[in-house]
1. Please work out which one of (1) outside any loop (DSSP other than H, G, I, E, B); (2) touching a residue at least 12 places away in the same chain (Cβ under 8 Å); (3) away from the ligand (no atom under 16 Å from the Cβ) is the condition Q132 fails and give its number.
2. Do you know which residues across region 284-293 are assigned to a helix (DSSP H, G or I), more than 14 Å from the ligand (Cβ to nearest atom) and out of contact with any Gly (no Cβ under 6 Å at 6 or more places or on another chain)?
3. β-branched (V, I, T), crowded, with 21+ Cβ neighbours inside 10 Å and under 20 Å from the mean Cα position of the chain (by Cα) - does that describe any residue in region 153-171?
4. Could you identify the single residue in Y118, Y82 that is within 19 Å of the chain's Cα centre (by Cα) and over 26 Å from I134 (Cα atoms)?
5. Is there any pair with a first residue in region 3-26 that is among the small types (G, A, S) and assigned to a loop (DSSP other than H, G, I, E, B) and a second that is modelled with pLDDT under 80 and more than 8 Å from the ligand (Cβ to nearest atom) whose Cβ atoms are under 9 Å apart and which are 6 or more apart or on different chains, and what are they?
6. Go through region 135-163 and give me each residue that's among the hydrophobic types (A, V, I, L, M, F, W, C) and without any contact (Cβ under 8 Å) to a residue 60 or more places away in the chain.
7. Taking W253 and the conditions (1) part of a helix (DSSP H, G or I); (2) in contact with a helix residue (DSSP H, G or I) (Cβ under 8 Å, 6 or more places away or on another chain); (3) touching a residue at least 24 places away in the same chain (Cβ under 8 Å), which numbered condition does it fall short on, given that it satisfies the others?
8. From the residues in region 106-129 that are of a type outside the set (A, V, I, L, M, F, W, C) and in contact with a Leu (Cβ under 9 Å, 6 or more places away or on another chain), which one is nearest to the ligand (Cβ to nearest atom)?
Amino acid sequence: MEFDLTTKDRKLDHIKITVDKNVESEASTLLEGIFVTHNSLPEVDMNEVDVSTNFLGKRIDAPIIITGMTGGHPDTAKINEYLALEAEKHGIALGVGSQRAAIEHKDLEWTFRVARKYAPNVPLVANIGASQLIKGYGIKEVLDAIQMIEADGIAIHLNPLQEVFQLEGDTEFNGILSKIIEIVDESPVPVVIKETGTGLSPEVVYVLYRLGVRYFDVSGLGGTNWAKVEVLRAKARGNRKFAARLDGYGDFWGNPTAYSVIMARMSAPDSTIISSGGIRTGMDIVYSIVIGGDLGGFALPALRVLVKEGREGLNRFVESIIYQVKVGILLTGSRNIEELRCRKFTIKSNELRLILTNEGYDPYRYNRVKCHNKLKVPLGWM
Ligand SMILES: Cc1cc2nc3c(=O)[nH]c(=O)nc-3n(C[C@H](O)[C@H](O)[C@H](O)COP(=O)(O)O)c2cc1C
């Protein structure tokens with residue numbers, strides 16, 4: 001195997017566990033609760049279906065981002081290199097993992113820099129944790145992270161669930177909002193507010209939208225779940241007492257991706273919304289766009305296929321996802337992403353309908369306005 005993941009390190013622990021173990025939540029994204037009408041007379045040439053779109057000021061060839069996972073340990077650099085080569089080959093966006101290690105240890109910067117080296121043209125998203133902001137990071141560290149990979153945007157990741165489940169987690173969250181706003185005001189590139197598998201809620205999106213954020217990566221429930229990862233890690237380290245204290249949350253706590261996307265669009269209408277967390281197929285991306293997302297993002301499937309099947313496997317996977325997105329556009333009778341976004345949809349699952357209705361979701365109004373995301377006024381869920 002090309003990847004040496006034997007060193008004892010938290011980052012490598014996370015990669016080993018997520019690749020080898022069942023770390024995905026039992027709960028679903030609820031995307032299966034969406035119904036979109038099939039069109040038997042598409043009148044569209046499959047070869048002319050256009051899946052390109054804009055992201056962070058650049059044109060990308062498909063509405064896809066491989067979201068941030070790694071870097072910060074020498075053994076992870078190859079992963080970033082191969083993900084970058086793949087992103088560049090297909091003209092899709094890429095995020096790197098938390099850059100904290102390299103901000104604090106300059107000798108690790110190269111493990112992130114490879115991303116820009118091998119993906120010179122695509123949008124790259126830098127990454128820092130909101131917890132680091134609370135612990136004293138400011139614009140200086142943010143600029144370090146951005147410059148390190150000549151990033152087009154910087155993700156500030158929110159991961160309270162992981163922090164409370166992590167043996168060495170940081171759990172003092174007060175003061176977080178004002179620190180984020182400081183960065184939003186001063187950052188030279190857009191800030192992407194990103195969850196990590198438990199889903200952004202409408203309140204969080206709305207507050208940050210009002211304060212100037214225009215990029216959201218919902219990273220909802222239904223995919224990789226950090227409660228599960230950290231419980232497995234605690235068990236592997238022999239800390240059964242800690243693991244037992246936490247068991248149980250992993251499968252169900254969080255905002256499912258479909259709910260998060262719709263509520264994010266309602267709360268931040270003219271923003272760019274990444275639908276992620278449990279996105280596993282091109283059809284998931286098609287549904288994500290129909291319900292109001294701009295891009296689909298995934299992390300774990302790319303990592304797994306890369307570690308297990310190498311670059312060829314990753315290439316096959318990304319190609320098939322892009323093809324599936326094209327198929328979905330065609331089968332709705334659309335020619336491009338903009339037309340797909342304007343297809344109407346119905347919520348067919350009671351669970352999704354119930355949690356949306358509870359937030360004031362009105363299908364008629366939503367279907368009418370979600371495709372014109374130039375709308376400047378949030379759709380009143382509050
Ligand atoms: C091994 C691994 C490491 C990750 N590290 C980070 C990170 O450093 N920063 C971050 O914002 N998200 C991180 N994530 C979260 C992903 O970007 C993504 O939001 C989450 O895994 C849900 O997507 P998925 O279900 O497709 O995996 C990581 C995910 C994985 C699998």
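1. Going through the list (1) outside any loop (DSSP other than H, G, I, E, B); (2) touching a residue at least 12 places away in the same chain (Cβ under 8 Å); (3) away from the ligand (no atom under 16 Å from the Cβ), Q132 breaks only (3).
2. Applying the first criterion (assigned to a helix (DSSP H, G or I)) to region 284-293 yields 284-290.
Still in the list and also more than 14 Å from the ligand (Cβ to nearest atom): 286-287, 289-290.
Listed by number, the residues that qualify are Y287, I289, V290.
3. Yes, that holds for at least one residue.
4. Working: Y118 fails: within 19 Å of the chain's Cα centre (by Cα).
Every option except Y82 fails the conditions.
5. Correct list of pairs: S25/G250; S25/D251.
6. Of all residues in region 135-163, those among the hydrophobic types (A, V, I, L, M, F, W, C) come to 139, 142-143, 145-146, 148-149, 151, 154-156, 158, 161.
Those that are among the hydrophobic types (A, V, I, L, M, F, W, C) and without any contact (Cβ under 8 Å) to a residue 60 or more places away in the chain: I139, V142, L143, A145, I146, M148, I149, A151, I154, I156, L158.
7. That leaves (1) as the condition not met.
8. Out of the qualifying residues, it is G129.
The values are calculated or read from the model by the stated rules, or taken from the named source; none is laboratory data. This structure is a prediction, so every number in the text was calculated from the model and none was measured. All Cβ positions, even for glycine, are placed from backbone atoms using ideal geometry, and neighbour counts span all protein chains on display.
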